Amino acid sequence: MKYLLSILLLSAAVQAQNFTVDRFALPEAPSQPRFWTLENRVDFGILAGLIAADGVTTQRGLSEGYREVNPVMRPFVTRGAPGEAAGSALGFGAAIGVAYVLHHTHHYKAEHIATRMMVMGESGFVANNIVQLH
């Protein structure tokens, strides 16, 4: 009789595990916004144009006898246009990388603020180059 009762209880316990309860299921996780939105494409397009303008005005200033003030970019820009292009590409890649890390870590406001600050800073560099050349 003990064995029969044990088998009956065990089979009932095994059958109870087959039932699924939906009320304990986790809700769908919120989706992360895309990184390459229209806003980011426009911002990084503007930044790329400003970096190109900075490169052109810097090379023109160097040809007129000025020197590069930025110690990080100086080794690149003194190598001519190819060095300038390499330094500019590294800087542009770093800007996109910073924005992507902020986006990936869900710091969306900081991502937009940082991107706009990069655009404003590069605008200042281009304006300074143009003022120095004229």
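Out of Ala114, Ala85, report the one residue that is within 24 Å of Glu39 (Cα to Cα) and either among the aromatic types (Phe, Trp, Tyr) or within 22 Å of the chain's Cα centre (by Cα) (or both). Reasoning before the result, please.
Working: Ala85 fails: within 24 Å of Glu39 (Cα to Cα).
Being within 24 Å of Glu39 (Cα to Cα) and either among the aromatic types (Phe, Trp, Tyr) or within 22 Å of the chain's Cα centre (by Cα) (or both) holds for just one of Ala114, Ala85, which is Ala114.
Could you tell me which numbered condition Arg116 fails, if it satisfies all but one of (1) out of contact with any helix residue (DSSP H, G or I) (no Cβ under 6 Å at 6 or more places or on another chain); (2) buried (at least 16 other Cβ atoms within 10 Å of the Cβ)? So Arg116 meets the others, but not (2).
When residues in the stretch 60-73 are screened for being closer than 16 Å to Asn128 by Cβ and in a helix (DSSP H, G or I), 3 of them pass. Considering (1) surrounded by 14 or more Cβ atoms within 10 Å (Cβ to Cβ); (2) free of Cβ contacts under 8 Å to residues at least 40 places away in the same chain, the lone condition that Asn129 does not fulfil carries the number (2).
Every number here is computed from the coordinates shown, using simple stated rules; none is lab data. Note that the structure is a prediction, hence the values are computed from the model and not measured. Cβ: placed from backbone, ideal geometry, glycine included. Neighbour counts: every protein chain shown.
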